[in-house]
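K.L.:
Structure provided below as structure tokens; questions to follow.
FYI, it's all coordinate maths here, none of it is from the lab. Not measured: the values here are computed from a predicted model. Heads up, the Cβs are rebuilt from the backbone with ideal geometry, glycines too, and the neighbour counts pull from every protein chain shown.
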Amino acid sequence: MRLSRYFLPVLKENPSEAQIVSHRLMLRAGMIKQQAAGIYSWLPMGFKVLKRIEQIVHEEQVRAGHIPLLMPTLQSADLWRESGRYDAYGPEMLRIKDRHDREMLYGPTNEEMITDIFRSHVGSYKDLPLTLYHIQWKFRDEVRPRFGVMRGREFLMKDGYNFDVDKDSALHAYNRHMVSYLRTYERMGLTAIPMRADSGPIGGDDTHEFLVLAQTGESEVFFDDRVTTLTLGDRAVDYDDREAVAAVCEEFTTLYARTDETHDAGLFDAVPEEHRKVARGIEVGQIFYFGTKYSEPMGAVVVNDKGERVPVHMGSHGIGVSRLLGAIIEASHDDKGIIWPEGVTPFHAGIVNLKQGDEAADAACEALYKALAGVGLEALYDDRNDRAGAKFATMDLIGLPWRITVGPRGLAKGVVELTSRRTGESEEMTPEAAVARLV
Ligand code: ATP
Ligand code: MG
Ligand code: MG
Ligand code: MG
């Protein structure tokens, strides 16, 4: 993309409404625009990152054997009356009437709807296990929408639902979700710690939240800091192998890590003092096993191998897709701007032309731009007639992992400059070598 033809409405001033760094940087980098409290337009740069995050979420869900579909944002109130949640849910639910006076709602979550789909089409244990998920907009009329996309009212969530014939099989689905989530967050450059949590209004027996440590996080968390060094890395996990999947979960959930809701001071005291940490965290996901809570009242039953009709065991598992943008920026920025992890960056590299209009510089930039595209890397080429300082400031603000600086002086020596946004280190090399380095 050539910056002269892009739409990147960068703000020079710090927006006064933003209280935390990720919100401030998303506004300044022209990623989002607020349309109403907690409701945002996703401008091209923000939209690009959102799509990359979505893509990683999809890939890891499919890898775990989960199946994508798409349910609508609007739901009928009657469905929620069946589970008893229409009245129970409270003012966070946006309730709407259509022209025929039928009661509708903008979905805050989809347990009822997915259970309805299931009961309409599945009747035998032979069709199980089954996990369906979607990535869809949700609406929750939060009392205090704030911190930009971190606590929006309209927000994008991946929510998945497993259907299993018994508890053991449902717990395997729970564990599969835990492992796939760990991999998802790692690919985004995040350390998200699974913490034992409280089941709250969805209700359930087993639940973990995934928290990214950040001072601006809304949850207070207590943990053994050795948990922050665990990584999944490249190891292959066979998602069909119950023991193997359970072993990974065990590894990640044995050290003490809890949110304030389930914190147990007695157990925490047993953690060696030098490892005992109290901090704040951002909830970027949560997994639940809740058994037959919805399948029983809504009649989602299957015939088991003994010929008996039994309600299915279910769980629901969510990732805050739009919140993740904020969480990633909270975890990865400096005083100049965002530092995108390679896994989610909107462009792989920025090209800065120090002397727009100089024949050699223009030609070298064009050649670089094409060479990068040729190896599948998308560059953002700053081809505007602007001061070098201003171009550098924009690149630092928007946080692309690499910057290639091209100017007449370097070109006379046959080199360009490759700069890492994270370390700030620069190196001179031929344009070919710079492309080779980024592949
Ligand atoms: P919170 O405790 O932050 O209100 P929640 O526990 O109510 O979140 P869940 O029902 O577990 O949320 O939804 C799954 C995920 O969706 C959360 O882990 C979070 O990442 C994301 N999420 C929830 N509410 C919002 C919101 N208002 N804005 C953006 N993301 C949200
Ligand atoms: Mg909430
Ligand atoms: Mg929560
Ligand atoms: Mg939650």
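K.L.:
Hey, could you check the range 112-147 for residues that are within 16 Å of ligand 3 (Cβ to nearest atom) and closer than 14 Å to Q75 by Cα and say which is nearest to the chain's Cα centre (by Cα)?
P.N.:
Within the range 112-147, the match that is nearest to the chain's Cα centre (by Cα) is K138.
K.L.:
Within the range 323-348, track down each residue that is buried (at least 22 other Cβ atoms within 10 Å of the Cβ) and assigned to a helix (DSSP H, G or I).
P.N.:
Hits for the range 323-348 are R323, L324, L325, G326, A327, I328, I329, E330.
K.L.:
Also, I was wondering about something else. Residue check: is E417 part of a strand (DSSP E or B) and either more than 26 Å from R52 (Cβ to Cβ) or in contact with a Lys or Arg (Cβ under 9 Å, 6 or more places away or on another chain) (or both)?
P.N.:
Working: part of a strand (DSSP E or B): yes; either more than 26 Å from R52 (Cβ to Cβ) or in contact with a Lys or Arg (Cβ under 9 Å, 6 or more places away or on another chain) (or both): yes.
Yes; evaluated as a whole, the condition is true for this residue.
K.L.:
Filter the range 399-422 down to the residues that are in contact with a Ser or Thr (Cβ under 7 Å, 6 or more places away or on another chain) and in contact (Cβ under 8 Å) with a residue 24 or more places away in the chain, then identify the one that is farthest from M45 (Cα to Cα).
P.N.:
That would be V416.
K.L.:
Identify the residue in the range 89-122 that is among the aliphatic types (A, V, I, L, M) and assigned to a loop (DSSP other than H, G, I, E, B) and, among all such residues, is nearest to ligand 1 (Cβ to nearest atom).
P.N.:
As a first pass, look at the range 89-122 and keep what is among the aliphatic types (A, V, I, L, M): 93-94, 96, 104-105, 113-114, 117, 122.
Filter once more, so that each one left must be assigned to a loop (DSSP other than H, G, I, E, B): 93, 122.
On the way: M93: 12, V122: 25 Å.
Here the answer is M93.
K.L.:
Would you mind telling me which numbered condition in (1) within 16 Å of ligand 4 (Cβ to nearest atom); (2) farther than 27 Å from K306 by Cβ; (3) buried (at least 20 other Cβ atoms within 10 Å of the Cβ) Y161 fails?
P.N.:
The failed condition is (2).
K.L.:
Out of (1) part of a strand (DSSP E or B); (2) surrounded by 22 or more Cβ atoms within 10 Å (Cβ to Cβ); (3) of a type in the set (F, W, Y), what's the single condition that is false for W137?
P.N.:
(2)
K.L.:
One residue is enough: does the range 177-190 have a residue meeting the conditions in contact (Cβ under 8 Å) with a residue 40 or more places away in the chain, of a type in the set (A, V, I, L, M, F, W, C) and away from ligand 1 (no atom under 16 Å from the Cβ)? Break it down into steps so the answer makes sense when it comes.
P.N.:
Keep residues of the range 177-190 that are in contact (Cβ under 8 Å) with a residue 40 or more places away in the chain, which gives 177-190.
Those still in the list that are of a type in the set (A, V, I, L, M, F, W, C) too: 178-179, 182, 188, 190.
Narrowing further to those that are away from ligand 1 (no atom under 16 Å from the Cβ): 179.
Yes, because at least one residue in the range 177-190 is in contact (Cβ under 8 Å) with a residue 40 or more places away in the chain, of a type in the set (A, V, I, L, M, F, W, C) and away from ligand 1 (no atom under 16 Å from the Cβ).
K.L.:
Quick one: count up the residues across the range 263-302 that are exposed (fewer than 15 other Cβ atoms within 10 Å of the Cβ) and in a loop (DSSP other than H, G, I, E, B).
P.N.:
4
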